[in-house]
Amino acid sequence: MTVEEYNKSVDLFSDGIYRFVLKTLKNQDMAKDTVQDTYEKLWTKHKEVSYEKVKSYLFTTAYHASIDQIRREKKKGDYETGHSLDVSTNEQYSDVQEVLSKAVDQLPEIQKSVLLLRDYEGYSYEEIGEITGLNESQVKVYIFRARLYLKNYLVSIENII
């Protein structure tokens, strides 16, 4: 194939290849890159490909490149979902202090009281027992349960966003 025939194939087939790849990949940038790669491969083999077969060669090469791209994206997606946290953004305002206050408000009253006394006010277990009328082991159990609830509440991404 000559340089003129190559340029003619670009003019004749590039739009069709782009539409074909775009339907396959559903991403404009990837489709443009795939078309460019397809024509690059044609240029490297332009002496081996006859002009009569160029359309078939281009579409076959674009198809295989699209399939390879889909496989790469799938592997990349599997890796990302398997090894990282899927974080999405939301336009809503989310303040950690507000979320924590909301979570603390959902605690049973006794758990809320002992937790606030311990973590916010800094009282010892013994002092909290004296204030609430509970023994020290009960205070520890209520604080443990409150913290466990808060941990589970805050780990849930729906509650934070």
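The values are calculated or read from the model by the stated rules, or taken from the named source; none is laboratory data. None of these values were measured; they are calculated from a predicted model. All Cβ positions, glycine included, derive from the backbone under ideal geometry; neighbour counts span all protein chains shown.
A few notes on this one:
Yes/no matrix, rows are residues, columns are (1) modelled with pLDDT of 85 or more; (2) within 22 Å of residue 3 (Cα to Cα); (3) surrounded by 14 or more Cβ atoms within 10 Å (Cβ to Cβ):
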residue: 39; (1), (2), (3): yes, yes, yes
residue: 51; (1), (2), (3): yes, yes, yes
residue: 63; (1), (2), (3): no, no, yes
residue: 68; (1), (2), (3): yes, no, no
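- Tally of residues being assigned to a helix (DSSP H, G or I), among the charged types (D, E, K, R) and closer than 11 Å to residue 66 by Cβ across the range 15-51: 3
- Residue within the range 142-161 that is small (Gly, Ala, Ser), at pLDDT 85 or above, over 27 Å from the mean Cα position of the chain (by Cα) and assigned to a loop (DSSP other than H, G, I, E, B) present: no
- Those residues of the range 137-156 which are hydrophobic (A, V, I, L, M, F, W, C) and touching a helix residue (DSSP H, G or I) at 6+ places or on another chain (Cβ under 6 Å), in sequence order: 139, 143, 146, 150
- Considering residues of the range 77-115 that are surrounded by 10 or more Cβ atoms within 10 Å (Cβ to Cβ) and at pLDDT below 75 only, the residue farthest from residue 22 (Cα to Cα): 94
- For the range 1-14, taking the residues that are outside any loop (DSSP other than H, G, I, E, B) and not charged (D, E, K, R), the one that is nearest to the chain's Cα centre (by Cα) is identified as 14.
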